[in-house]
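These notes are about the structure you will find just below.
The values are calculated or read from the model by the stated rules, or taken from the named source; none is laboratory data. Owing to the predicted nature of the structure, the values given are computational and were not obtained by experimental measurement. Methodologically, a virtual Cβ is constructed for each residue, glycine included, from the backbone with ideal geometry; neighbour enumeration extends over all protein chains shown. The protein model used for the area step is the full one, side chains on, heavy atoms only, and it has no ligands, DNA or RNA in it. Shrake-Rupley method; radii C 1.70, N 1.55, O 1.52, S 1.80 Å.
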Amino acid sequence: MASEMNRRTFIKATVVGFTGLTIGCPDNSDDVEPIDGGADTNGDAGVPESYSLDLWINIDASGKITVQIVKAEMGQGISTGIAMIVAEELDAAWKDMYFELVGEFAENAYAPYGFGSPMTSASTSISVNYTRLREIGAAAREMLVAAAAARWGVEPATLTTAESTVLHPSHGSLTYGELAEDASNLPVPQEPTLKDPARFKLIGTPAHRLDTTDMVNGKSVFGQDVVLPGMVYGAVRHCSVLGAHVTNLAALQAAIADTAAMAVVQIPHGIVVVAPSIWQAQKVADSLVLETDATPTQLALSSDSISSTLAECLTKPGLNVHTAGDAPAAMAAAETTVEAVYEVPLLAHETMEPMVCTARVDGDQIELWLPTQGAAVVVRDVAAQLQIPEASITVHATHLGGGFGRKVKADYAVQAVLAARETGEPVKVMWARKEDVQHDFYRPAFTAELKGGLDAQGNLVAWMTKNAGPSILGDGLPFPVDPLSIAGFNQVLYEIPNQQIDHVACKLGVPVGFWRSIGHSQNAFFVEGFIDELAVASGQDPLAFRKKLVHNDPRHLAVLERVEAMSNWGTPSVPGAAQGVSFTEGSGTYTAQVAEVSVDPGNKMTVHKVYAAVDCGRVINPDAVEAQIQGGVVFGLSAALTGEITIQNGQVQQSNFHDCPILTLADTPPVEVGIVDSTEPPGGVGELGVSPVAPAVVNAIHAATGTRIRRLPISRHFGT
Amino acid sequence: MASIKINGVGYAVRTDPQKPLLWFLREDLGLNGAKYGCGIGLCGTCTVLLDGEPVKSCQVTVEEITGKEVTTIEGLDDELGQKVKAAWIETEASQCGFCQPGQVLTAAHLLRTTPQPTDTQIDESMTTLCRCGAYQRIRAAVHAAAKPEE
Ligand code: FES
Ligand code: FES
């Protein structure tokens, strides 16, 4: 094992505890005083001594085992999943397991657990770190065993472990709590022995999350809940025209003279109004009129101009991203050919917790408390934009009130630092929902042209496709095509002998970013909608057609067969409904979905039920897999049904949940999840429910009505 | 000076009477369970109980609650409240957790007025938005909390 396992050298501190952040009292408490019944709740019980095993694991004398989590906890239950893997190899009792979210510093932020991504994204936390996490648990176990062996003067090989205890046939037992101090003084084994997976007790069983109790008691600390002594509040206002800058700062600063606001601070593309209360800050910000340098090009941006830019890009030759056989020749020889153009709109993230960041500047030291999917990105971007050394920045991670790819960005962190630096006070910068909807990094609008050729027996023999849209990773990539643009597009899951797949990068002038499932969010709709068209055009059952195209791959076939059985394919559970199917892959996980949909005579459509069959390799926590797939389906369904950000005169036209709605409880169909048994390496699940649902629903609508939807959202075509 | 009762504690309040209850709870009392999600009464993450009825605390001013009693998630600890929280934990109804204080308070009110709610009654009452899409389990948690003790 590499030497980065030892982390004593580079982590400096952790801040946000499991149960709460208690840095200070609310600052406005002068305005209110208890007059009866106010109990003092500050009783401070003795805290047992805690020992670090140098492995992201602390064990205290009472036996409490705390795993430090460097990944963002945003509802996917990653902290519980990581704790399960560690506890499995550690032979720890589950009741002893706790976790702590830790901030990351520049030196180690790119190397959580020694490798992996600096971001929590693309459903990779478990799939990339699985073996490493097992090694960490196994190494800690060996240290505890070695400590017990020394205590008893016996060979480590004579000892066994179970339920947080080391056992010896004649000496009896010692708990991990009793051994923690000794173990913490031992070297970290570099090549620990891993368990035979056949002996797993915890992995693969449904475990309760370690943080649910705090959540339902309102105790989890989100970015919004951070409180620092002497803290003031910042309300952000961006220029409504995308990309513009504020030009009347002095006038705005003069305008707050007789208000509660203390400062107006310029930030890229806007201002922060600082006041003792966020309510005051928002009120003053609402009263200010921003003048900007919006250019004619920026002002000319509209949804129509975006659509025409995409259409124009599609006429360009593009870069080839995959070839097999001779697609043009096979297409020319095909018995039947089918062609279609698909398009998807911009989408907002609408995390339930809008952007928020608290910053404190002390000399050249900057401390940040925020919900982030990429503490390393925050450090890098804040340092670069403010031209300060990365080492002067400390990031404290909080719980995230939803991430979905939005909280990979550091724009709100930069704003908080600017406000804190200029006012000299700790500032909590909070976005109103309108700012969140109108100044997002959107799921890019995208388009695709697809052509398929079938022979006389209905075999799919030719596949020529091209998609066009903006790169999320941007310019200057070390590879010719942004892999995110073609994820789920350049490699189709089906065996097609002749393929030509192209991509055109297309700049739109809109900020774009990661949106739960990234490129798959549009490409699954394109590919799976079109596969359905080919099945229909050749008179074949869409599910049988797909099965035929994967018959050489048992893993693919098993997922399709599972969804076929679950959904009782061909016989919808609701009389009069029709079924549609889709099949996708992402982050090492295969998902097939069937949606049941009906459309009434008034053209209003209803999704009655969604079935999802999932093969995500070895399952860590089946309960979390089910929750993530269900949530993913709801997220994807919101987008498919009504999701759309439109732009007019350079400005986003939506502003809040009334014109940018998300699914409600009443609208949400039951989602039945079936997990395929597997011993393959674990795949991701956070995003895997999202992308298959749009094509499954659109294909069901076709089965119900004969109408083929090639442009989302569905609300453009049917009542939802 | 206004006097209000929050989670069983009476307070004398000098805060601006026009201040929304949400910000009064969060900034003045340090009760962070009620969350800001939309600010215009659409999402329900700021829900608290006012004299037992769910209200969106972003839409109510300090002045409007004078003489009334507020229960936030931190103070929801009566028998029914505990039952609802236990059902939430048992069904793992929470994902990111941000909306859950609003969900739990709304469910506690629903079950107080309708001890055995139907799915339609749950649809009508449980209107707090959840971007994580945990709705299916939220529904299951309400049903679980409605189950009579064995
Ligand atoms: S914040 Fe009050 S309803 Fe959304
Ligand atoms: S659990 Fe995340 S918004 Fe509901």
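Just the residues that are basic (K, R), at pLDDT 85 or above and not in a helix (DSSP H, G or I), please, taken from segment A:54-96.
Residues of segment A:54-96 that are basic (K, R), as a first pass: A:64, A:71, A:95.
Remaining after also requiring at pLDDT 85 or above: A:64, A:95.
Answer for segment A:54-96, where residues must be basic (K, R), at pLDDT 85 or above and not in a helix (DSSP H, G or I): just A:K64.
Could you tell me whether A:Q224 is over 26 Å from A:K407 (Cβ atoms) and part of a helix (DSSP H, G or I)? Let's see the steps before the verdict.
Numbers: over 26 Å from A:K407 (Cβ atoms): no; part of a helix (DSSP H, G or I): yes.
Judged against the criteria, A:Q224 is not a match.
What tally of residues in segment B:25-47 results from selecting those that are more than 7 Å from every other protein chain (Cβ to nearest Cβ) and more than 16 Å from ligand 2 (Cβ to nearest atom)? Give the steps one after another, and end with the answer.
Of segment B:25-47, the ones more than 7 Å from every other protein chain (Cβ to nearest Cβ) are B:25-26, B:31, B:34, B:41, B:44, B:46-47.
Restricting the remaining residues to those that are more than 16 Å from ligand 2 (Cβ to nearest atom) gives B:25-26, B:31, B:41.
Here the count works out to 4.
Name, by its number, the condition in (1) open to solvent by 20 Å² or more (accessible area, probe 1.4 Å); (2) closer than 23 Å to A:L228 by Cβ; (3) away from ligand 1 (no atom under 16 Å from the Cβ) that does not hold for B:T15.
Checking B:T15 against (1) open to solvent by 20 Å² or more (accessible area, probe 1.4 Å); (2) closer than 23 Å to A:L228 by Cβ; (3) away from ligand 1 (no atom under 16 Å from the Cβ), the one that fails is (1).
Can you name the residue in segment B:84-111 that is within 15 Å of ligand 2 (Cβ to nearest atom) and aliphatic (A, V, I, L, M) and is also farthest from A:D214 (Cα to Cα) among such residues? Quick ask: steps written out before the conclusion?
Taking segment B:84-111 and keeping what is within 15 Å of ligand 2 (Cβ to nearest atom), we get B:85, B:88-89, B:91-107.
This time we only want the ones that are aliphatic (A, V, I, L, M), so: B:89, B:93, B:104-105, B:107.
Numbers: B:I89: 10, B:A93: 13, B:V104: 13, B:L105: 15, B:A107: 17 Å.
Among those that are within 15 Å of ligand 2 (Cβ to nearest atom) and aliphatic (A, V, I, L, M), it is B:A107.
Out of B:L29, B:L42, I need the residue that is in contact with a strand residue (DSSP E or B) (Cβ under 7 Å, 6 or more places away or on another chain), open to solvent by 10 Å² or more (accessible area, probe 1.4 Å) and either more than 7 Å from ligand 1 (Cβ to nearest atom) or not small (G, A, S) (or both). Which one? Break it down into steps so the answer makes sense when it comes.
Numbers: B:L42 fails: in contact with a strand residue (DSSP E or B) (Cβ under 7 Å, 6 or more places away or on another chain).
It is B:L29.
Residues are listed down the side, and each one gets a yes or a no for (1) part of a helix (DSSP H, G or I); (2) of a type in the set (G, A, S); (3) open to solvent by less than 10 Å² (accessible area, probe 1.4 Å):
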position: A:K434; (1), (2), (3): yes, no, no
position: A:E449; (1), (2), (3): no, no, no
position: A:V461; (1), (2), (3): no, no, no
position: A:S471; (1), (2), (3): no, yes, no
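Give the residue that is surrounded by the fewest Cβ atoms within 10 Å (Cβ to Cβ), with candidates limited to residues of segment B:65-98 that are at the interface with chain A (Cβ under 7 Å from one of its Cβ atoms) and in a helix (DSSP H, G or I).
B:I89
Against the condition touching a helix residue (DSSP H, G or I) at 6+ places or on another chain (Cβ under 7 Å) and among the charged types (D, E, K, R), how does A:D225 come out, does it pass? Please lay out each step first, then the result.
Values: touching a helix residue (DSSP H, G or I) at 6+ places or on another chain (Cβ under 7 Å): no; among the charged types (D, E, K, R): yes.
Here the answer is no, as A:D225 does not meet what is asked.
Give me the residue from segment B:118-140 that is open to solvent by 10 Å² or more (accessible area, probe 1.4 Å) and in contact with a helix residue (DSSP H, G or I) (Cβ under 6 Å, 6 or more places away or on another chain) and, out of that set, farthest from ligand 2 (Cβ to nearest atom).
In this case the residue turns out to be B:S125.
If we scan segment A:570-577, do we find a residue that is out of contact with any Phe, Trp or Tyr (no Cβ under 7 Å at 6 or more places or on another chain) and outside any loop (DSSP other than H, G, I, E, B)?
Checked against the condition, which is being out of contact with any Phe, Trp or Tyr (no Cβ under 7 Å at 6 or more places or on another chain) and outside any loop (DSSP other than H, G, I, E, B), segment A:570-577 yields no hits at all.
Evaluate segment A:399-412: report whether one residue or more is assigned to a loop (DSSP other than H, G, I, E, B), among the hydrophobic types (A, V, I, L, M, F, W, C) and away from every other protein chain (no Cβ under 14 Å). First the steps, then the outcome.
Keep residues of segment A:399-412 that are assigned to a loop (DSSP other than H, G, I, E, B), which gives A:400-405, A:409-410.
After this cut, where a residue has to be among the hydrophobic types (A, V, I, L, M, F, W, C) as well, the list is A:400, A:404, A:410.
Applying the additional criterion that residues be away from every other protein chain (no Cβ under 14 Å) yields A:410.
Scanning segment A:399-412 turns up at least one residue that is assigned to a loop (DSSP other than H, G, I, E, B), among the hydrophobic types (A, V, I, L, M, F, W, C) and away from every other protein chain (no Cβ under 14 Å).
Taking interchain pairs and intrachain pairs at least six residues apart, which have beta carbon atoms under 6 angstrom, with the first residue in segment B:113-131 and more than 7 Å from chain A (Cβ to nearest Cβ) and the second in a loop (DSSP other than H, G, I, E, B) and away from ligand 2 (no atom under 13 Å from the Cβ)?
Pairs that qualify, where the first residue is more than 7 Å from chain A (Cβ to nearest Cβ) and the partner is in a loop (DSSP other than H, G, I, E, B) and away from ligand 2 (no atom under 13 Å from the Cβ), are B:Q121/B:T114.
Looking at A:G402, A:G424, A:G363, which one is in contact with a His (Cβ under 8 Å, 6 or more places away or on another chain), of a type in the set (G, A, S) and either open to solvent by 10 Å² or more (accessible area, probe 1.4 Å) or within 16 Å of ligand 1 (Cβ to nearest atom) (or both)? Don't jump to the end; show me each part of the working.
Details: A:G424 fails: in contact with a His (Cβ under 8 Å, 6 or more places away or on another chain); A:G363 fails: in contact with a His (Cβ under 8 Å, 6 or more places away or on another chain).
Checking each option against the conditions leaves just A:G402.
In the set A:T646, A:T664, which member is within 7 Å of chain B (Cβ to nearest Cβ), surrounded by fewer than 22 Cβ atoms within 10 Å (Cβ to Cβ) and of a type in the set (S, T, Y)? Reasoning before the result, please.
Numbers: A:T646 fails: within 7 Å of chain B (Cβ to nearest Cβ).
Criteria check complete, one pass: A:T664.
When only residues in segment A:243-287 that are of a type in the set (V, I, T) and in a loop (DSSP other than H, G, I, E, B) count, which is most open to solvent (accessible area, probe 1.4 Å)? It would help to see each step written out before you state the result.
If we filter segment A:243-287 for residues that are of a type in the set (V, I, T), which is where we start, we get A:246-247, A:256, A:259, A:264-265, A:267, A:271-274, A:278, A:284.
Adding the requirement that they be in a loop (DSSP other than H, G, I, E, B) leaves A:247, A:256, A:259.
Details: A:T247: 83, A:I256: 13, A:T259: 55 Å².
Within segment A:243-287, the match that is most open to solvent (accessible area, probe 1.4 Å) is A:T247.
Going by what's in this entry, would A:R618 be described as on the phi < 0 side of the Ramachandran plot, in a loop (DSSP other than H, G, I, E, B) and of a type in the set (D, E, K, R)?
Values: on the phi < 0 side of the Ramachandran plot: yes; in a loop (DSSP other than H, G, I, E, B): yes; of a type in the set (D, E, K, R): yes.
Here the answer is yes, as A:R618 does meet what is asked.
Which ones in segment A:189-218 are within 14 Å of another protein chain (Cβ to nearest Cβ) and either touching a strand residue (DSSP E or B) at 6+ places or on another chain (Cβ under 6 Å) or assigned to a loop (DSSP other than H, G, I, E, B) (or both)? Working first, answer last.
Within segment A:189-218, the first condition is being within 14 Å of another protein chain (Cβ to nearest Cβ), and the residues that meet it are A:205-218.
The answer is A:T205, A:P206, A:A207, A:H208, A:R209, A:L210, A:D211, A:N217, A:G218.
Any idea how many residues of segment B:104-117 are more than 16 Å from ligand 1 (Cβ to nearest atom) and open to solvent by less than 70 Å² (accessible area, probe 1.4 Å)? Break it down stepwise before answering.
Step one: of segment B:104-117, the residues more than 16 Å from ligand 1 (Cβ to nearest atom) are B:107-108, B:110-117.
If we keep only those that are open to solvent by less than 70 Å² (accessible area, probe 1.4 Å) as well, we get B:107-108, B:110-111, B:114, B:117.
Adding up the residues that qualify gives 6.
Mind checking which residues of segment A:288-335 are among the small types (G, A, S) and not in a loop (DSSP other than H, G, I, E, B)?
Result: A:A300, A:S303, A:S305, A:S307, A:S308, A:A311, A:A324, A:A327, A:A329, A:A330, A:A332, A:A333.
Considering only segment B:50-64, how many residues are farther than 18 Å from A:Q224 by Cα and either within 14 Å of ligand 1 (Cβ to nearest atom) or assigned to a loop (DSSP other than H, G, I, E, B) (or both)?
Going residue by residue through segment B:50-64, those that are farther than 18 Å from A:Q224 by Cα are B:50-55, B:59-64.
Narrowing the set further to residues that are either within 14 Å of ligand 1 (Cβ to nearest atom) or assigned to a loop (DSSP other than H, G, I, E, B) (or both) leaves B:50-52, B:54-55, B:59-62.
Counting residues in segment B:50-64 that are farther than 18 Å from A:Q224 by Cα and either within 14 Å of ligand 1 (Cβ to nearest atom) or assigned to a loop (DSSP other than H, G, I, E, B) (or both) gives 9.
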